[in-house]
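Have a look at the structure below before the remarks.
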Amino acid sequence: MKLLFYFFTLLSFSMLSQNTPKWMRHSSISPDGKQIAFTYKGDLYKVNVNGGNAQQLTFHSAHDYEAVWSKDGSKLAFASDRFGNFDVFVMNSNGGNATRVTFHSNDEHPYSFFKNDTEVVFGALRQDVANHRQYPHGSQSELYSVPVISGRVRQLLTIPAEYVQFSKDGAKMLYQDKKGGENEWRKHHTSAITRDIWLYSTKTKAHTMITTNNAEDRQPVFSEDEKSMYYLSERSGTFNVHELSLENPMQDQQLTNFTIHPIRFLSMGNGVISFGYDGELYTMTKGTAPKKVDVNIITQDKENSEKFISVNGGINEMAVSPNGNEIAFIARGEVFVTSVDKSFTKRLTNTPENERFVSWGPEGKSVVYSSERNGKWSVYKTEKVRSEEPFFYASTLLKEEPILENKVDNYLAQYSPDGKKIAFIEGRRTLKVMDIASKKETILLTPKDLFHMRDGDKYFTWSPDSKWLLVDWGKTLSNSEVLLMAADGSKRVNLNESGYYDGQPKWVNDGKQMIWFSNKNGLKSYATSGTTQNDVYGMFFTQDAWDEFDLSDEDFKLMEAIKEEEKKKKRKKKGYKKVKERR
């Protein structure tokens, strides 16, 4: 079945005026220390270091970010995906048209300008030289430069040197390394591949390692006298600004003391340090406390805010109603219900938050889902207000109310078939069953039993009699098993214990049997963790169910014939009794 429908919505992502905007990112202070360029909702802005109205520099529907200033402050280089992937563009720092200077099919990110402002230095994954001993990898980029008016690209380094900053005479270069593919935004990371800072001589071609801490050290910038550097370090538990002597790297001083959120996007101009914290801009000078920059953003919509959007794809989860007439599904982070055999569709939610994990309530009278509101997952249900309206897709009035809303994350809620209980995941690693009437909760699996990789990575399903659950149980990363669990917590049976991947169980045959996927006999490679072949298996929970399944074709037909004769006798006897009563 192909779902094709249209819904009307308001897509207005910019406001006429916003006095306290959040998520101003990738900020960079001008060389004279008077202005800060930053990205807000995909466009470039700049604002005075003392705050005030921000000037919008780009008005493109593409995403523009990572602006860096030329040495004389007259130009900005930035990355934009105006042609599909991120290329480097150069524009006047007062605004105007931007010139595309790179044209490769991979993403490219600008770091700085050369001392004479004739070239932009950027990082990209293009191609290593033939004699380079490092194995090519998607996380290991190289360092390049390109003329500001576009032209031939030349490779500077084959190693992934990031956030490059040059000394005033261009003889020295600070950069952060990248030893592996760890996500740049991961917090509290300590390992052998955390980033360190290096000093490179453009004359002697020598690299000197400046920091060796097992915490992340990033984004170095030269001090005004170039005898020291400022950089971001996670040594205190979160990213703070540090100053380190380049002549004696053992002399290191922490300049800020933020504890909750990390500092990002460090830059410096004319002795003024600039950075971002909790989505806002800050400045400071050595020896003074950080000061928040109050920014007022005035902008307008780039396109018509009213749009008809076709949803004929991008549906990432769905659930069929108990009567089989409707399908609830998630598209674009919203909950919809559509008819199975017609084109009628109803949108149930319209929130800025993400909705997921859709299911149906008892007898299909409600649609149940989780929404990431107020910073955590909670469970909600939507019901029809008018009882005379049989279907959600044709309803006129809807009512939403919370089912599970507390201080922790709750999702993957499923009502039992009798509607008396609800099973759900609490805190990402606890499986619970709650009695609807008494609100009593029973813990079936605890954080000792479950690990968490991503939201929604658990699976369980109710038995038709509402007394049992089948649970896809992956206690370790090496295999998974299927658990049969009593809803009251009184019994737990591991049904497989195969040492392979057994999962995604389904109740069949009125709860007398289950089917599930297993790779125990499928094609697989024991040397790698690649894709393996799954087969479907069945398991019977009663002897009668197995005996019936094991019948030969002749015996099965005989059994069915005997059952039909017994039904005829019962109908005949029932009809005779009714005639006798009428007499």
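I need the trypsin sites (Lys or Arg not before Pro) found in segment 457-561, filtered to DSSP loop residues with at most 12 other beta carbons within 10 Å of theirs.
Lys491
What residues have an amide H closer than 5 Å to that of Trp468, excluding those fewer than 5 places away on the same chain, when H is modeled at 1.01 Å from N in the peptide plane?
Ser463, Ala487
Restricting to DSSP H runs of at least four residues, report the calculated mean residue ellipticity at 222 nm for the chain, -39500 (n - 2.57) per run over all residues, nearest 500 deg cm²/dmol.
Roughly -2000 deg cm²/dmol at 222 nm, from the helical runs in the chain.
With an 8 Å cut-off on Cα pairs and a minimum separation of 6 or more residues, tell me the relative contact order of segment 342-424 in percent.
29
Would you mind pulling out the separation of the Cα centroids of segment 386-449 and segment 304-372, in Å?
Between the Cα centre of segment 386-449 and that of segment 304-372, the gap is 17 Å.
Can you work out ³J(HN,Hα) from phi for every residue in segment 436-451, in order, using Karplus 6.51 cos²θ - 1.76 cosθ + 1.60 and θ = phi - 60°, giving whole Hz and x for Gly and Pro?
5, 6, 8, 6, 6, 10, 10, 8, 9, 9, 10, x, 6, 9, 10, 10
Do any trypsin sites (Lys or Arg not before Pro) in segment 339-439 lie in a DSSP loop with no more than 10 other beta carbon atoms within 10 Å, and if so, which?
Arg386, Lys407, Lys439
Among Lys307/Lys420; Lys448/Lys506; Lys420/Lys520; Lys187/Lys286; Lys432/Lys506, which pairs are too far apart, with a Cα-Cα distance over 31 Å?
Correct reply: Lys307/Lys420; Lys420/Lys520.
The chain: longest stretch without exposed GluC sites (Glu not before Pro) (DSSP loop, at most 16 other Cβ within 10 Å), sites themselves excluded?
That gives 1-181 as the longest site-free run.
If you fit an axis through the alpha-carbon atoms of helix 553-582 and take the longest principal axis of the Cα set of the chain, what angle between them do you get, 0 to 90°, nearest 10?
Computed tilt is about 60 degrees.
Past the 24 Å Cα-Cα mark, which pairs from Lys512/Lys563; Lys168/Lys292; Lys346/Lys376?
Lys168/Lys292; Lys346/Lys376, as the Cα separations exceed 24 Å there.
Place +1 on the Cβ of every Lys and Arg and -1 on the Cβ of every Asp and Glu in the chain, take the dipole about the Cα centre, and give the residue among Gln251, Phe83, Ser61 whose Cα lies farthest towards its positive end.
Positive-end residue among those listed: Ser61.
Taken together, the values in this text are just the output of simple stated rules run on the coordinates, not laboratory data. Remember, predicted model here, so these are calculated numbers, not experimental data. Every residue, glycine as well, gets a Cβ built from its backbone with ideal geometry; the counts of neighbours run over all protein chains shown.
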